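Peer 1: First the structure, which I've put down as structure tokens, then a few questions once you've had a look.
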Amino acid sequence: MTTFQNFIAGAWVAPSTGNYFENTNPANTADVIGRFPKSGAADVAKAVESAKRGFEKWKRMPAPARGDILRRVGEILTARKEEIADLMTREMGKPLAETRGDVQEGIDTAFYAAVEGRRLFGHTVPSELRAKWAMSFRRPIGVAGIITPFNFPLAIPTWKIFPALVCGNACIFKPAEDVPHTGHVFVEILLEAGLPPEVIQLVHGDGEVGAAIVNHPDIPLLSFTGSTETGSKVGETAGRMHKRLSLEMGGKNAQIVLDDAKLDLALDGVLWGAFGTTGQRCTATSRLILQDGIHDQFVAKLQERASQLKLGDGRKAGTDVGPVIHADSIAKIERYVEIGLGEGAELTLGGQRAHGAGLEKGFFFQPTILTGVKAGMRVEQEEIFGPVLSVVRVKDADEAFRVNNGVKYGLSSSLYTQDVNISFRAINELDNGITYINAPTIGAEAHLPFGGVKQTGNGHREGGWEVYEFYSETKVAYIDYSGALQRAQIDNY
Ligand code: UN1
């Protein structure tokens, strides 16, 4: 079995703890991918010392030259797309079409970041005084701590690491312990593309490593995607230590279907939104809000179509839905189905761990539909992170909007209708960071800001142009070439 190492201070090294964990395939737990370091705080401390040295050099490299390295990263990812997709499916389960999309999102992010190296715009504005110049520009911050989840093993690290690098920061990267192989290959590619070794540090491990990163005094900026519970802890520490922090956490995203919608289109949308990635996206559709007039026929069609989804190994052709990530997820999903039934919901489909040929050694759960769900029930309010869809019946668009907005999260929402007026009302009134019209709740594009309102995040956005502001500090410069003391707000009034 292959043993993988951390990448610290420019070398592949064993963890200070001497401990390793096994990484297995969730579709077949007998398939062991390798042993990965179970690192500790001492490894993080070493990584930070080295990253600080890396930062001193990296921040002096012109941003276009930093961007050129990321362009090469994009080219290598493009050439190796198929192979990386395969290893990602092997370690986290989603079907190959989806892991190909995940790699593509990384490629898109690389090429966008490469060009951003030639922009990183500031502002030049007139001064209120004569013979005086006023402008703002962007400066790097330092060592960034990057903590990422399992569900997008490549795309999410690229969302964070590429803009961090283009802005001139060094990175300490801790991939989720479920997907360390993708993290390893990603760092190899960064190095192959010419990233100076001390600018990236890879420290594998569990929450202990995450906590060491969050608590390290020489890591002034942190980006975390994961559970709301962990995000709250990260936020407490970051607040106490005055760190800059971007949080991307839970969702309870809804697809609304009104009576006038194209029903087959809406059906394709919800199948993809709810059961794609086995429901394990922050953007997954976990609520379906149906208007009274189409409710019954839509549920009937949905039940039929969802029951035909083929569960299996994501590396096999014909698989629609892969496994969930581990045994704990199965237990959590089972608990939520019970909670839903206890609250009075009806089980229209699934509800159990899936058995059958080819599924014996993996963590498979049947696509599950709960109907008769009422606003306020726990299955309508809490993130489940699995293939479970809660269906709520409403009388009109107003009620649908109220139900959509009645949760503590606010990542994405979706509305199916032919009515342009209601569509524009929705994009204004739905409390989400992203609203889709006649498209599912998943599928955000890399060149637009990504993130949610309320308890989904803390106000920052990833992707697009906005993320570059997170990874850089605004500096303002005034140049007075008058040769005389000019007192702002005084000599000119
Ligand atoms: C996530 O679920 O954490 O919009 C990210 C989407 C993907 C990214 C999802 N592009 O569904």
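The values are calculated or read from the model by the stated rules, or taken from the named source; none is laboratory data. All of these numbers come straight from a predicted model, not from anything done at the bench. Reconstructed Cβ throughout: ideal geometry from the backbone, glycine too, with neighbour counts over all protein chains shown. These accessible areas exclude ligands, DNA and RNA; they are computed on the full protein's heavy atoms, side chains included. Shrake-Rupley method; radii C 1.70, N 1.55, O 1.52, S 1.80 Å.
Peer 1: Any residue that is of a type outside the set (Asp, Glu), open to solvent by 10 Å² or more (accessible area, probe 1.4 Å) and under 25 Å from ASP292 (Cα atoms) - is there at least one of those in the stretch 353-366?
Peer 2: For the stretch 353-366, residues of a type outside the set (Asp, Glu), open to solvent by 10 Å² or more (accessible area, probe 1.4 Å) and under 25 Å from ASP292 (Cα atoms): absent.
Peer 1: Between GLY145, GLY168, GLY194, GLY210, which is more than 16 Å from the ligand (Cβ to nearest atom) and under 29 Å from GLU82 (Cβ atoms)? Even if it seems obvious, please write down each step before you answer.
Peer 2: Working: GLY145 fails: under 29 Å from GLU82 (Cβ atoms); GLY168 fails: under 29 Å from GLU82 (Cβ atoms); GLY210 fails: under 29 Å from GLU82 (Cβ atoms).
After ruling out the rest, the residue left standing is GLY194.
Peer 1: So which of THR277, THR283 is touching a strand residue (DSSP E or B) at 6+ places or on another chain (Cβ under 7 Å), within 13 Å of the ligand (Cβ to nearest atom) and in contact (Cβ under 8 Å) with a residue 24 or more places away in the chain?
Peer 2: Working: THR277 fails: touching a strand residue (DSSP E or B) at 6+ places or on another chain (Cβ under 7 Å).
On inspection, the qualifying residue turns out to be THR283.
Peer 1: Filter the stretch 23-38 for residues that are basic (Lys, Arg) and either assigned to a strand (DSSP E or B) or open to solvent by less than 10 Å² (accessible area, probe 1.4 Å) (or both) and give the result.
Peer 2: Of the residues in the stretch 23-38, the ones basic (Lys, Arg) are 35, 38.
Once the filter is applied, which keeps residues that are basic (Lys, Arg) and either assigned to a strand (DSSP E or B) or open to solvent by less than 10 Å² (accessible area, probe 1.4 Å) (or both), the stretch 23-38 yields only ARG35.
Peer 1: For the list (1) within 18 Å of the chain's Cα centre (by Cα); (2) not in a helix (DSSP H, G or I), I need the number of the one condition that PHE162 fails.
Peer 2: Here PHE162 meets the rest and fails (2).
Peer 1: Being within 17 Å of ASN169 (Cβ to Cβ) and touching a Ser or Thr at 6+ places or on another chain (Cβ under 7 Å) is the filter here; which residues of the stretch 123-146 pass it?
Peer 2: Going residue by residue through the stretch 123-146, those that are within 17 Å of ASN169 (Cβ to Cβ) are 137-146.
Answer for the stretch 123-146, where residues must be within 17 Å of ASN169 (Cβ to Cβ) and touching a Ser or Thr at 6+ places or on another chain (Cβ under 7 Å): ARG138, ARG139, PRO140, ILE141, ALA144, ILE146.
Peer 1: Next question, about the same structure. Would you list the strands (runs of 3 or more DSSP E) that sit entirely within the stretch 371-449 and hold 2 or more residues that are touching an Asp or Glu at 6+ places or on another chain (Cβ under 8 Å) and farther than 30 Å from GLY74 by Cβ?
Peer 2: On the way: elements: 388-394, 412-416, 434-437.
Strands (runs of 3 or more DSSP E) meeting the threshold: 388-394.
Peer 1: Let me ask something else about it. Is at least one residue of the stretch 108-129 surrounded by fewer than 24 Cβ atoms within 10 Å (Cβ to Cβ) and within 13 Å of the ligand (Cβ to nearest atom)?
Peer 2: yes
Peer 1: Among the candidates GLU98, GLU75, GLU82, single out the residue that is of a type outside the set (A, V, I, L, M, F, W, C), within 14 Å of the ligand (Cβ to nearest atom) and open to solvent by 10 Å² or more (accessible area, probe 1.4 Å).
Peer 2: Details: GLU75 fails: within 14 Å of the ligand (Cβ to nearest atom); GLU82 fails: within 14 Å of the ligand (Cβ to nearest atom).
Going through GLU98, GLU75, GLU82 in turn, the sole match is GLU98.
Peer 1: Follow-up. Considering the stretch 338-350 alone, what residues qualify as being among the small types (Gly, Ala, Ser) and either open to solvent by 20 Å² or more (accessible area, probe 1.4 Å) or not assigned by TED's automatic domain parsing to the domain that holds ALA375 (or both)? Before the answer, list the steps.
Peer 2: Start the filter on the stretch 338-350 by keeping residues that are among the small types (Gly, Ala, Ser), which leaves 340, 342, 344-345, 350.
Correct list: GLY342, GLY344, GLY350.
Peer 1: Under 8 Å between Cβ atoms, at least 6 apart or on separate chains: pull out the pairs that start in the stretch 317-334 with a residue that is under 17 Å from SER227 (Cα atoms) and end on any residue that is among the polar types (S, T, N, Q).
Peer 2: VAL324/THR278; VAL324/GLN280; ILE325/ASN151; ILE325/GLN280; SER329/GLN280; ILE333/THR368
Peer 1: Is one or more of the residues making up the stretch 346-362 in contact (Cβ under 8 Å) with a residue 12 or more places away in the chain and farther than 30 Å from LYS316 by Cβ?
Peer 2: There is at least one residue in the stretch 346-362 that is in contact (Cβ under 8 Å) with a residue 12 or more places away in the chain and farther than 30 Å from LYS316 by Cβ.
Peer 1: While we're on this one: Can you give me the number of residues within the stretch 450-478 that are assigned to a loop (DSSP other than H, G, I, E, B), away from the ligand (no atom under 15 Å from the Cβ) and under 21 Å from GLY122 (Cβ atoms)?
Peer 2: Residues in the stretch 450-478 being assigned to a loop (DSSP other than H, G, I, E, B), away from the ligand (no atom under 15 Å from the Cβ) and under 21 Å from GLY122 (Cβ atoms): 4 in total.
Peer 1: Shifting gears a bit: Which of the residues that make up the stretch 151-164 are open to solvent by less than 10 Å² (accessible area, probe 1.4 Å), out of contact with any strand residue (DSSP E or B) (no Cβ under 7 Å at 6 or more places or on another chain) and within 24 Å of GLU83 (Cβ to Cβ)? Give the derivation first.
Peer 2: Filtering the stretch 151-164 down to residues open to solvent by less than 10 Å² (accessible area, probe 1.4 Å) leaves 151, 153-158, 160-164.
Cutting the leftovers down to out of contact with any strand residue (DSSP E or B) (no Cβ under 7 Å at 6 or more places or on another chain) gives us 151, 153-155, 158, 162-163.
Residues satisfying the conditions are ASN151, PRO153, LEU154, ALA155, THR158, PHE162.
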